[in-house]
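Comments concern the structure below.
The values are calculated or read from the model by the stated rules, or taken from the named source; none is laboratory data. The structure presented is a predicted model; accordingly, all values stated were derived computationally and were not measured. Note that we place each Cβ from the backbone using ideal geometry, even for glycine, and neighbour counts take in every protein chain shown. The accessibility values were calculated without ligands, DNA or RNA, using every heavy atom of the protein model including side chains. Shrake-Rupley method; radii C 1.70, N 1.55, O 1.52, S 1.80 Å.
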There are 2 protein chains.
Amino acid sequence: MERQKVMKNYHHGDLRAALLHSARALLEQQGITALGLRAITRHAGVSSAAAVPHFGNLAGLLSALATVGYEELAAALEPVLEKGPHAAGLVYVRFAIHNPGLFTLMFRSDVIDRGDTALAAASARTSHMLTQLIDNMADHQPQRTRSGTRAAHWGKVHGLAVLAIDGLLDALLSSQGEEMSLEELLDDALR
Amino acid sequence: MERQKVMKNYHHGDLRAALLHSARALLEQQGITALGLRAITRHAGVSSAAAVPHFGNLAGLLSALATVGYEELAAALEPVLEKGPHAAGLVYVRFAIHNPGLFTLMFRSDVIDRGDTALAAASARTSHMLTQLIDNMADHQPQRTRSGTRAAHWGKVHGLAVLAIDGLLDALLSSQGEEMSLEELLDDALR
DNA sequence: GGAGATATCTTATCATTGATAAGTTCGAAT
DNA sequence: ATTCGAACTTATCAATGATAAGATATCTCC
(Lines give C-alpha, C1' and ligand atoms only; values in the text may rest on other atoms or scores of the structure.)
Protein backbone atom coordinates (compact mmCIF):
# COMPACT_ATOMS: atom_id res chain seq x y z
CA MET A 1 0.00 0.00 0.00
CA GLU A 2 2.87 2.42 0.65
CA ARG A 3 0.64 4.82 2.53
CA GLN A 4 3.37 6.10 4.82
CA LYS A 5 4.31 8.64 2.21
CA VAL A 6 6.55 11.38 3.57
CA MET A 7 4.61 14.00 1.68
CA LYS A 8 7.70 16.05 1.27
CA ASN A 9 7.12 19.44 -0.20
CA TYR A 10 3.46 20.24 -0.05
CA HIS A 11 0.97 19.74 2.71
CA HIS A 12 3.24 19.21 5.58
CA GLY A 13 0.54 17.61 7.66
CA ASP A 14 0.65 19.79 10.72
CA LEU A 15 2.78 22.75 9.81
CA ARG A 16 1.00 24.93 12.29
CA ALA A 17 2.21 22.85 15.21
CA ALA A 18 5.62 22.42 13.63
CA LEU A 19 6.06 26.17 13.30
CA LEU A 20 5.05 26.74 16.89
CA HIS A 21 7.53 24.07 17.92
CA SER A 22 10.32 25.68 15.91
CA ALA A 23 9.48 29.11 17.24
CA ARG A 24 9.59 27.85 20.78
CA ALA A 25 12.88 26.07 20.26
CA LEU A 26 14.46 29.19 18.79
CA LEU A 27 12.97 31.31 21.52
CA GLU A 28 14.42 29.28 24.35
CA GLN A 29 17.72 28.51 22.68
CA GLN A 30 18.60 31.83 21.12
CA GLY A 31 16.39 34.34 22.83
CA ILE A 32 13.53 36.50 21.71
CA THR A 33 15.71 38.38 19.23
CA ALA A 34 16.04 35.25 17.12
CA LEU A 35 12.28 35.03 16.69
CA GLY A 36 12.12 36.18 13.09
CA LEU A 37 9.67 34.93 10.54
CA ARG A 38 12.44 33.69 8.30
CA ALA A 39 14.39 32.09 11.13
CA ILE A 40 11.33 30.19 12.28
CA THR A 41 10.34 28.94 8.85
CA ARG A 42 13.96 28.08 8.08
CA HIS A 43 14.14 26.03 11.26
CA ALA A 44 10.99 24.20 10.25
CA GLY A 45 12.37 23.56 6.76
CA VAL A 46 9.70 25.45 4.84
CA SER A 47 9.64 28.60 2.79
CA SER A 48 9.40 31.99 4.44
CA ALA A 49 5.84 32.51 3.29
CA ALA A 50 4.56 29.18 4.53
CA ALA A 51 3.35 30.62 7.80
CA VAL A 52 0.88 32.98 6.17
CA PRO A 53 -2.06 30.56 5.72
CA HIS A 54 -1.81 29.53 9.36
CA PHE A 55 -0.97 32.73 11.18
CA GLY A 56 -1.29 35.62 8.76
CA ASN A 57 1.87 37.34 9.88
CA LEU A 58 4.64 37.17 12.44
CA ALA A 59 2.56 38.81 15.15
CA GLY A 60 -0.07 36.14 14.61
CA LEU A 61 2.46 33.37 15.02
CA LEU A 62 3.93 34.87 18.16
CA SER A 63 0.47 35.49 19.54
CA ALA A 64 -0.35 31.83 19.06
CA LEU A 65 2.86 30.90 20.85
CA ALA A 66 2.05 33.27 23.71
CA THR A 67 -1.38 31.68 23.89
CA VAL A 68 0.29 28.32 24.47
CA GLY A 69 2.26 29.99 27.23
CA TYR A 70 -0.82 31.28 29.00
CA GLU A 71 -2.46 27.89 28.72
CA GLU A 72 0.56 26.11 30.13
CA LEU A 73 0.81 28.59 32.97
CA ALA A 74 -2.84 28.07 33.81
CA ALA A 75 -2.35 24.32 33.68
CA ALA A 76 0.62 24.57 36.03
CA LEU A 77 -1.35 26.78 38.40
CA GLU A 78 -4.43 24.62 38.54
CA PRO A 79 -3.10 21.86 40.83
CA VAL A 80 -2.11 24.37 43.51
CA LEU A 81 -5.29 26.40 43.45
CA GLU A 82 -6.25 25.08 46.88
CA LYS A 83 -2.80 25.37 48.36
CA GLY A 84 -2.78 29.10 48.82
CA PRO A 85 -0.72 31.89 47.34
CA HIS A 86 2.67 30.82 48.61
CA ALA A 87 2.74 27.58 46.66
CA ALA A 88 1.07 29.23 43.69
CA GLY A 89 3.61 32.02 43.73
CA LEU A 90 6.41 29.51 43.58
CA VAL A 91 4.74 27.78 40.65
CA TYR A 92 4.36 31.10 38.84
CA VAL A 93 7.99 32.05 39.27
CA ARG A 94 9.22 28.54 38.48
CA PHE A 95 7.27 28.59 35.24
CA ALA A 96 8.96 31.85 34.33
CA ILE A 97 12.41 30.53 35.17
CA HIS A 98 11.94 27.29 33.27
CA ASN A 99 10.43 29.05 30.24
CA PRO A 100 12.12 32.43 30.30
CA GLY A 101 11.66 33.16 26.62
CA LEU A 102 8.05 32.11 26.53
CA PHE A 103 7.21 34.00 29.70
CA THR A 104 8.89 37.10 28.37
CA LEU A 105 6.99 36.82 25.10
CA MET A 106 3.70 36.58 26.98
CA PHE A 107 4.15 40.13 28.21
CA ARG A 108 5.66 41.72 25.11
CA SER A 109 2.61 43.55 23.91
CA ASP A 110 4.64 45.19 21.15
CA VAL A 111 5.29 41.96 19.26
CA ILE A 112 2.13 40.01 20.00
CA ASP A 113 -1.37 40.99 19.00
CA ARG A 114 -3.49 41.60 22.09
CA GLY A 115 -6.52 41.73 19.83
CA ASP A 116 -6.04 38.09 18.90
CA THR A 117 -9.12 36.24 20.10
CA ALA A 118 -7.45 33.08 21.32
CA LEU A 119 -4.71 35.02 23.06
CA ALA A 120 -7.14 37.33 24.82
CA ALA A 121 -9.19 34.35 25.96
CA ALA A 122 -6.22 32.40 27.29
CA SER A 123 -4.80 35.48 28.96
CA ALA A 124 -8.10 36.32 30.60
CA ARG A 125 -8.52 32.76 31.81
CA THR A 126 -5.10 32.80 33.46
CA SER A 127 -5.68 36.20 35.02
CA HIS A 128 -9.00 35.06 36.34
CA MET A 129 -7.31 32.04 37.85
CA LEU A 130 -4.74 34.22 39.55
CA THR A 131 -7.21 36.63 41.08
CA GLN A 132 -9.40 33.80 42.24
CA LEU A 133 -6.39 32.18 43.81
CA ILE A 134 -5.47 35.35 45.65
CA ASP A 135 -9.02 35.95 46.76
CA ASN A 136 -9.25 32.45 48.21
CA MET A 137 -6.24 32.83 50.37
CA ALA A 138 -6.54 32.91 54.14
CA ASP A 139 -4.55 35.94 55.23
CA HIS A 140 -6.75 38.55 53.68
CA GLN A 141 -5.84 41.72 55.48
CA PRO A 142 -9.03 43.65 56.16
CA GLN A 143 -7.14 46.94 56.00
CA ARG A 144 -6.59 46.46 52.30
CA THR A 145 -8.91 46.64 49.36
CA ARG A 146 -9.54 43.45 47.50
CA SER A 147 -8.02 44.99 44.41
CA GLY A 148 -5.10 46.16 46.51
CA THR A 149 -4.50 42.66 47.77
CA ARG A 150 -4.65 41.28 44.26
CA ALA A 151 -2.26 43.88 42.93
CA ALA A 152 0.14 43.39 45.82
CA HIS A 153 0.40 39.63 45.39
CA TRP A 154 0.38 39.52 41.63
CA GLY A 155 2.85 42.36 41.50
CA LYS A 156 5.26 40.66 43.84
CA VAL A 157 5.12 37.33 42.09
CA HIS A 158 5.36 38.86 38.65
CA GLY A 159 8.16 41.16 39.65
CA LEU A 160 10.17 38.32 41.10
CA ALA A 161 9.66 36.35 37.91
CA VAL A 162 10.79 39.21 35.71
CA LEU A 163 13.80 40.04 37.84
CA ALA A 164 14.80 36.40 38.06
CA ILE A 165 14.72 36.05 34.28
CA ASP A 166 16.79 39.18 33.86
CA GLY A 167 19.41 37.71 36.18
CA LEU A 168 19.01 40.57 38.60
CA LEU A 169 18.17 38.28 41.49
CA ASP A 170 21.40 36.36 40.98
CA ALA A 171 23.21 39.66 41.25
CA LEU A 172 21.36 40.26 44.48
CA LEU A 173 22.41 36.85 45.72
CA SER A 174 26.07 37.13 44.89
CA SER A 175 26.39 40.62 46.33
CA GLN A 176 25.28 39.39 49.70
CA GLY A 177 27.57 36.74 51.16
CA GLU A 178 24.68 34.52 52.15
CA GLU A 179 24.91 30.96 50.95
CA MET A 180 21.58 30.25 49.34
CA SER A 181 20.20 29.11 46.04
CA LEU A 182 17.84 31.09 43.87
CA GLU A 183 15.08 28.68 44.77
CA GLU A 184 15.64 29.32 48.47
CA LEU A 185 15.69 33.04 47.89
CA LEU A 186 12.37 32.90 46.08
CA ASP A 187 10.83 30.71 48.74
CA ASP A 188 11.99 33.22 51.31
CA ALA A 189 10.83 36.26 49.40
CA LEU A 190 7.40 34.76 48.78
CA ARG A 191 6.86 34.11 52.49
CA MET B 1 30.80 89.73 14.53
CA GLU B 2 28.05 87.38 13.32
CA ARG B 3 29.24 84.56 15.51
CA GLN B 4 25.79 83.04 15.99
CA LYS B 5 26.27 80.93 12.91
CA VAL B 6 23.63 78.22 12.57
CA MET B 7 26.21 75.70 11.47
CA LYS B 8 23.68 73.82 9.43
CA ASN B 9 24.95 70.64 7.98
CA TYR B 10 28.17 69.71 9.66
CA HIS B 11 29.05 69.68 13.29
CA HIS B 12 25.69 69.97 14.81
CA GLY B 13 27.06 71.16 18.10
CA ASP B 14 25.51 68.67 20.43
CA LEU B 15 24.14 65.96 18.24
CA ARG B 16 24.60 63.39 20.94
CA ALA B 17 22.12 65.12 23.21
CA ALA B 18 19.82 65.88 20.28
CA LEU B 19 19.70 62.23 19.29
CA LEU B 20 18.92 61.15 22.82
CA HIS B 21 16.18 63.74 22.92
CA SER B 22 14.71 62.53 19.64
CA ALA B 23 14.93 58.92 20.75
CA ARG B 24 13.14 59.70 23.96
CA ALA B 25 10.42 61.64 22.19
CA LEU B 26 9.82 58.81 19.76
CA LEU B 27 9.91 56.29 22.57
CA GLU B 28 7.25 57.98 24.64
CA GLN B 29 5.09 59.09 21.74
CA GLN B 30 5.15 56.03 19.51
CA GLY B 31 6.37 53.24 21.70
CA ILE B 32 9.49 51.14 21.77
CA THR B 33 8.79 49.67 18.33
CA ALA B 34 9.39 53.08 16.76
CA LEU B 35 12.91 53.21 18.17
CA GLY B 36 14.76 52.52 14.95
CA LEU B 37 18.07 54.01 14.04
CA ARG B 38 16.65 55.64 10.95
CA ALA B 39 13.55 56.94 12.70
CA ILE B 40 15.66 58.55 15.39
CA THR B 41 18.11 60.21 13.02
CA ARG B 42 15.24 61.27 10.76
CA HIS B 43 13.54 62.90 13.73
CA ALA B 44 16.75 64.73 14.55
CA GLY B 45 17.14 65.87 10.96
CA VAL B 46 20.45 64.16 10.29
CA SER B 47 21.57 61.28 8.11
CA SER B 48 21.11 57.71 9.22
CA ALA B 49 24.80 57.22 9.84
CA ALA B 50 25.24 60.32 11.95
CA ALA B 51 24.81 58.41 15.18
CA VAL B 52 27.83 56.22 14.60
CA PRO B 53 30.54 58.57 15.90
CA HIS B 54 28.58 59.12 19.11
CA PHE B 55 27.10 55.73 19.88
CA GLY B 56 28.61 53.18 17.54
CA ASN B 57 25.35 51.44 16.79
CA LEU B 58 21.69 51.37 17.74
CA ALA B 59 22.32 49.34 20.87
CA GLY B 60 24.81 51.95 21.98
CA LEU B 61 22.30 54.74 21.53
CA LEU B 62 19.58 52.89 23.38
CA SER B 63 22.02 51.97 26.13
CA ALA B 64 22.85 55.63 26.58
CA LEU B 65 19.15 56.43 26.77
CA ALA B 66 18.60 53.67 29.32
CA THR B 67 21.50 55.10 31.30
CA VAL B 68 19.66 58.41 31.48
CA GLY B 69 16.67 56.46 32.74
CA TYR B 70 18.61 54.83 35.56
CA GLU B 71 20.09 58.17 36.54
CA GLU B 72 16.70 59.85 36.61
CA LEU B 73 15.25 57.02 38.63
CA ALA B 74 18.06 57.29 41.15
CA ALA B 75 17.57 61.06 41.31
CA ALA B 76 13.87 60.58 41.95
CA LEU B 77 14.58 58.01 44.63
CA GLU B 78 17.14 60.02 46.49
CA PRO B 79 14.84 62.49 48.27
CA VAL B 80 12.80 59.67 49.80
CA LEU B 81 15.71 57.55 50.94
CA GLU B 82 14.94 58.36 54.57
CA LYS B 83 11.21 58.01 54.24
CA GLY B 84 11.08 54.24 54.11
CA PRO B 85 10.06 51.74 51.50
CA HIS B 86 6.42 52.76 51.18
CA ALA B 87 7.16 56.23 49.87
CA ALA B 88 10.07 54.94 47.82
CA GLY B 89 7.89 52.27 46.28
CA LEU B 90 5.41 54.87 45.20
CA VAL B 91 8.18 56.92 43.65
CA TYR B 92 9.47 53.87 41.78
CA VAL B 93 6.08 53.00 40.34
CA ARG B 94 5.26 56.61 39.56
CA PHE B 95 8.48 56.94 37.62
CA ALA B 96 7.52 53.90 35.58
CA ILE B 97 4.02 55.21 34.90
CA HIS B 98 5.22 58.65 33.89
CA ASN B 99 8.03 57.27 31.70
CA PRO B 100 6.61 53.99 30.50
CA GLY B 101 8.75 53.74 27.41
CA LEU B 102 11.95 54.65 29.15
CA PHE B 103 11.28 52.33 32.06
CA THR B 104 10.51 49.49 29.69
CA LEU B 105 13.70 50.14 27.76
CA MET B 106 15.73 50.01 30.95
CA PHE B 107 14.88 46.34 31.35
CA ARG B 108 15.01 45.24 27.71
CA SER B 109 18.33 43.47 27.85
CA ASP B 110 17.89 42.29 24.27
CA VAL B 111 18.10 45.77 22.76
CA ILE B 112 20.46 47.49 25.15
CA ASP B 113 24.07 46.51 25.78
CA ARG B 114 24.51 45.43 29.39
CA GLY B 115 28.26 45.49 28.80
CA ASP B 116 28.15 49.25 28.25
CA THR B 117 30.24 50.81 30.99
CA ALA B 118 28.11 53.85 31.70
CA LEU B 119 24.93 51.79 31.68
CA ALA B 120 26.35 49.20 34.04
CA ALA B 121 27.53 51.91 36.39
CA ALA B 122 24.21 53.76 36.44
CA SER B 123 22.28 50.54 36.82
CA ALA B 124 24.48 49.39 39.67
CA ARG B 125 24.16 52.74 41.41
CA THR B 126 20.38 52.59 41.24
CA SER B 127 20.30 48.99 42.42
CA HIS B 128 22.58 49.83 45.29
CA MET B 129 20.29 52.67 46.22
CA LEU B 130 17.30 50.37 46.21
CA THR B 131 18.85 47.67 48.36
CA GLN B 132 20.15 50.25 50.78
CA LEU B 133 16.71 51.76 50.99
CA ILE B 134 15.16 48.40 51.75
CA ASP B 135 17.81 47.52 54.26
CA ASN B 136 17.24 50.76 56.14
CA MET B 137 13.58 50.18 56.60
CA ALA B 138 12.12 49.53 60.01
CA ASP B 139 9.97 46.45 59.61
CA HIS B 140 12.75 44.03 58.92
CA GLN B 141 11.22 40.68 59.63
CA PRO B 142 13.78 38.54 61.42
CA GLN B 143 12.29 35.40 59.93
CA ARG B 144 13.49 36.43 56.51
CA THR B 145 16.91 36.56 55.00
CA ARG B 146 18.21 39.97 54.10
CA SER B 147 18.34 38.92 50.48
CA GLY B 148 14.83 37.57 50.81
CA THR B 149 13.58 40.89 52.11
CA ARG B 150 15.29 42.74 49.30
CA ALA B 151 13.89 40.44 46.67
CA ALA B 152 10.40 40.61 48.16
CA HIS B 153 10.24 44.38 48.17
CA TRP B 154 12.00 45.02 44.91
CA GLY B 155 9.96 42.30 43.27
CA LYS B 156 6.68 43.74 44.43
CA VAL B 157 7.50 47.27 43.42
CA HIS B 158 8.94 46.25 40.08
CA GLY B 159 6.06 43.92 39.34
CA LEU B 160 3.51 46.61 40.07
CA ALA B 161 5.39 48.97 37.78
CA VAL B 162 5.50 46.47 34.93
CA LEU B 163 1.88 45.46 35.30
CA ALA B 164 0.77 49.08 35.51
CA ILE B 165 2.58 49.93 32.30
CA ASP B 166 1.04 46.96 30.53
CA GLY B 167 -2.39 48.19 31.56
CA LEU B 168 -3.07 45.02 33.48
CA LEU B 169 -3.75 46.86 36.70
CA ASP B 170 -6.42 48.94 35.03
CA ALA B 171 -8.04 45.70 33.96
CA LEU B 172 -7.89 44.60 37.57
CA LEU B 173 -9.51 47.84 38.66
CA SER B 174 -12.35 47.80 36.20
CA SER B 175 -13.18 44.16 36.81
CA GLN B 176 -13.80 44.85 40.43
CA GLY B 177 -16.58 47.35 41.00
CA GLU B 178 -14.55 49.32 43.51
CA GLU B 179 -14.32 53.01 42.86
CA MET B 180 -10.67 53.86 43.10
CA SER B 181 -7.95 55.38 41.02
CA LEU B 182 -4.78 53.66 39.94
CA GLU B 183 -2.84 55.82 42.35
CA GLU B 184 -5.02 54.70 45.23
CA LEU B 185 -4.67 51.10 44.19
CA LEU B 186 -0.90 51.37 44.17
CA ASP B 187 -0.84 53.10 47.51
CA ASP B 188 -2.99 50.32 48.87
CA ALA B 189 -0.96 47.54 47.30
CA LEU B 190 2.30 48.97 48.57
CA ARG B 191 1.06 49.06 52.14
C1' DG C 1 -14.10 7.44 -9.45
C1' DG C 2 -13.45 11.76 -11.95
C1' DA C 3 -13.42 16.98 -12.20
C1' DG C 4 -13.53 21.28 -10.53
C1' DA C 5 -12.89 24.10 -6.37
C1' DT C 6 -10.01 25.23 -2.48
C1' DA C 7 -6.46 25.48 0.79
C1' DT C 8 -1.50 24.88 1.30
C1' DC C 9 3.01 25.89 0.05
C1' DT C 10 6.78 27.90 -3.21
C1' DT C 11 9.07 31.37 -5.82
C1' DA C 12 9.89 36.04 -6.85
C1' DT C 13 9.75 40.68 -5.69
C1' DC C 14 9.35 44.98 -2.88
C1' DA C 15 10.18 48.54 0.59
C1' DT C 16 12.59 49.08 4.75
C1' DT C 17 16.02 48.26 8.15
C1' DG C 18 21.00 48.46 10.58
C1' DA C 19 25.66 48.37 9.40
C1' DT C 20 29.67 49.88 6.90
C1' DA C 21 33.03 51.94 3.60
C1' DA C 22 34.42 55.96 1.24
C1' DG C 23 34.18 60.69 0.62
C1' DT C 24 33.39 65.68 2.32
C1' DT C 25 33.56 69.42 5.59
C1' DC C 26 34.81 71.63 9.51
C1' DG C 27 37.51 72.75 13.83
C1' DA C 28 41.76 72.55 16.40
C1' DA C 29 46.51 72.08 17.25
C1' DT C 30 50.94 72.76 15.88
C1' DA D 1 48.90 78.44 7.24
C1' DT D 2 48.87 73.66 6.98
C1' DT D 3 48.01 69.36 8.65
C1' DC D 4 45.30 66.21 11.24
C1' DG D 5 41.29 64.21 13.00
C1' DA D 6 36.59 64.09 14.26
C1' DA D 7 31.82 64.80 12.64
C1' DC D 8 28.70 64.08 9.17
C1' DT D 9 26.93 62.61 4.33
C1' DT D 10 26.21 59.59 0.54
C1' DA D 11 26.09 55.10 -1.38
C1' DT D 12 25.82 50.40 -0.85
C1' DC D 13 25.08 45.81 1.30
C1' DA D 14 22.77 41.77 3.31
C1' DA D 15 18.71 40.65 5.71
C1' DT D 16 13.96 41.26 7.12
C1' DG D 17 8.48 40.98 6.83
C1' DA D 18 4.96 41.36 3.60
C1' DT D 19 2.67 40.23 -0.62
C1' DA D 20 1.35 38.75 -5.35
C1' DA D 21 1.41 35.11 -8.58
C1' DG D 22 2.05 30.44 -9.57
C1' DA D 23 2.27 25.30 -8.54
C1' DT D 24 0.44 21.23 -6.16
C1' DA D 25 -2.06 18.44 -3.26
C1' DT D 26 -6.52 17.46 -0.88
C1' DC D 27 -11.54 17.87 -0.68
C1' DT D 28 -16.24 17.98 -2.33
C1' DC D 29 -19.80 16.94 -5.12
C1' DC D 30 -21.70 14.63 -8.82
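Assorted remarks:
- Under the shape rule built on the C-alpha gyration tensor, where the axes satisfy a ≥ b ≥ c, chain B is prolate, since a/c reaches at least 1.5 and a/b is greater than b/c.
- Here the range A:88-137 is assigned +1 on the Cβ of each Lys and Arg and -1 on the Cβ of each Asp and Glu. Its dipole about the Cα centre then comes out at about 120 debye.
- Accessible surface of B:Ser123, taken over heavy atoms with a 1.4 Å probe and every protein chain present, rounds to 20 Å².
- Cα shape, the range A:10-56, gyration tensor, a/c 1.5 rule: prolate
- Neighbourhood charge, 15 Å Cβ-Cβ cut-off, centred on B:Asp110 and excluding it, Lys, Arg +1 and Asp, Glu -1: -2
- Placing R0 at 35 angstrom, the Cβ-Cβ distance between A:Thr33 and B:Gln30 gives a FRET efficiency of 0.95 after rounding to 0.05.
- Stretching the chain fully between B:Glu183 and B:Thr117 yields a gain of 20.2 nm (0.36 nm per residue, less the alpha carbon separation).
- All other residues whose Cβ lies under 12 angstrom from that of B:Ala50 are scored, Lys and Arg at +1 and Asp and Glu at -1, for a net of +3.
- When the Cα positions of B:His54, B:Gly159, A:Ile112 are compared along the charge dipole of the protein assembly as shown, B:His54 comes out farthest toward the positive end, with charges on each C-beta of Lys, Arg, Asp and Glu.
- Chain A: relative contact order as a whole-number percent, Cα under 8 Å and 6+ apart: 20
- If only the Cβ of Lys and Arg carry +1 and only the Cβ of Asp and Glu carry -1, the dipole of the range A:58-189 around its Cα centre is close to 580 debye.
- Unit charges on C-beta of K, R, D, E only; dipole of the range B:1-115, Debye: 400
- Inter-site label distance for A:His86 and B:Asn57 at 7 Å from Cα along Cβ, in nm: 4.7
- Cβ-based net charge around A:Leu19, under 14 Å, with every Lys or Arg adding one and every Asp or Glu removing one: +3
- Per residue, the convex hull volume that the Cα atoms of the protein assembly as shown enclose (Å³): 189
- In chain A, the DSSP-assigned H stretches of four residues or longer account for a calculated mean residue ellipticity at 222 nm of -20500 deg cm²/dmol, using -39500 (n - 2.57) per stretch and the full residue count as denominator.
- GluC sites (Glu not before Pro) restricted to DSSP loop in the range A:103-185 with at most 16 other C-beta within 10 Å: A:Glu178, A:Glu179
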